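I have a structure I would like to understand better, so I am pasting it below and will then ask my questions one at a time.
No value in this document is a laboratory result; all are computed from the given coordinates. For clarity, every value in this text was computed on a predicted model and none was experimentally measured. Cβ placement follows ideal geometry from the backbone for every residue including glycine, while neighbour counts extend to all protein chains displayed.
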Amino acid sequence: MKLTFNKSAVLVLLLIASATGLQAQVKKTTKKTTATKAAPAGLAASIARGKVTYTNICAACHQVDGLGVQNMNPPLAKTTYVLGDKGKLISIVLNGFNEEVEINGSTYSNVMPSHDYLKDQEIADVLTFVRNSFGNKASAVTLTEVKKGRAAKK
């Protein structure tokens, strides 16, 4: 038995199905990938907020690319100050920095003022941004860690 379809009849059926919201059932498949996992939503949001703070406050001295200004303002890219002890990094933001420092063979001596006027969340976000930008890959700075650093300052 041969089935034949009238093109007009098929078109009418498709229009009726479309107008009434009838749809064919489609099995949804989940594609598994072996690619690197995306950053958790909280981390991505913190980095995004931190980028705004960095652009508005930090980039003037440390530059948009995080490479600083030779012999004046140190780079933030792949340095032990950024990738190392988070407590020390938080302390620098809260208290400022007034020491000559050698980073990657260059000496930097410009004074960094305290940024203790920033809210704890802003500090956590901007440091998380810096620790995950400019070629850096490090853990986030948490609100709790900043609060602890601020309490130690008092």
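Could you list the square roots of 5 times each eigenvalue of the Cα gyration tensor of segment 40-153, that is, the equivalent ellipsoid semi-axes, sorted largest first and rounded to whole Å? Don't skip to the answer; put the middle values down first.
Values: eigenvalues 85, 52, 32 Å².
Semi-axes from the Cα gyration tensor: 21, 16, 13 Å.
While we're here: To make sure I understand, if each residue's beta carbon is the centre and we count other beta carbons within 10 Å, what order do PHE97, PHE134, PHE129 fall in, fewest to most?
Least crowded to most crowded, the residues run PHE97, PHE134, PHE129.
Work out the count of Lys pairs in segment 40-153 where the Cα-Cα distance is under 12 Å, with the pair 8 or more places apart or on different chains. Mind showing how you got there, number by number?
Values: LYS78/LYS137; LYS86/LYS148; LYS88/LYS148; LYS88/LYS153; LYS119/LYS147.
Counting lysine pairs in segment 40-153 gives 5.
Quick one: dipole size for segment 40-153, taken about the Cα centre, charges +1 on Lys/Arg Cβ and -1 on Asp/Glu Cβ, in debye to the nearest 20. Intermediate values should be presented prior to the final figure.
Numbers: 12 positive and 10 negative charges, 80 e Å.
Charge dipole of segment 40-153: 380 debye, to the nearest 20.
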